[in-house]
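Here's the structure we're looking at; comments come further down.
The values are calculated or read from the model by the stated rules, or taken from the named source; none is laboratory data. Because the structure is a prediction, the values reported are computed rather than measured. Ideal geometry is used to build each Cβ from the backbone, glycine not excepted, and the neighbour counts take in all protein chains shown. Note: areas computed on protein heavy atoms with side chains; ligands, DNA, RNA excluded. Shrake-Rupley method; radii C 1.70, N 1.55, O 1.52, S 1.80 Å.
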Amino acid sequence: MSETLVAEEITVRVNGDERAIPAGLTVDRLLEHLSLNPRMVVVERNCEILRRESLAETVVQEGDSLELVHFVGGG
């Protein structure tokens, strides 16, 4: 019997848009996946702002709703 490896994905909502992402990502890995610097983003997950220290421990789950707020420098 031959097994086929399937890259597992989950669906989440990021800033209002549905998006398929690899399963098992922590929030900090999701930010990397989206080419975002975790130090320049505030993350709200399911209406709760995440502390920066918890980004590496919080696993993104199917159906999560994430709002990512980017800080932009300038004057």
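Reported count of residues in the stretch 33-75, each being touching a residue at least 40 places away in the same chain (Cβ under 8 Å), open to solvent by 80 Å² or more (accessible area, probe 1.4 Å) and of a type outside the set (Asp, Glu), is 1.
Restricted to the stretch 1-32, and to residues there that are modelled with pLDDT of 95 or more and polar (S, T, N, Q), the residue that is surrounded by the most Cβ atoms within 10 Å (Cβ to Cβ) is 26.
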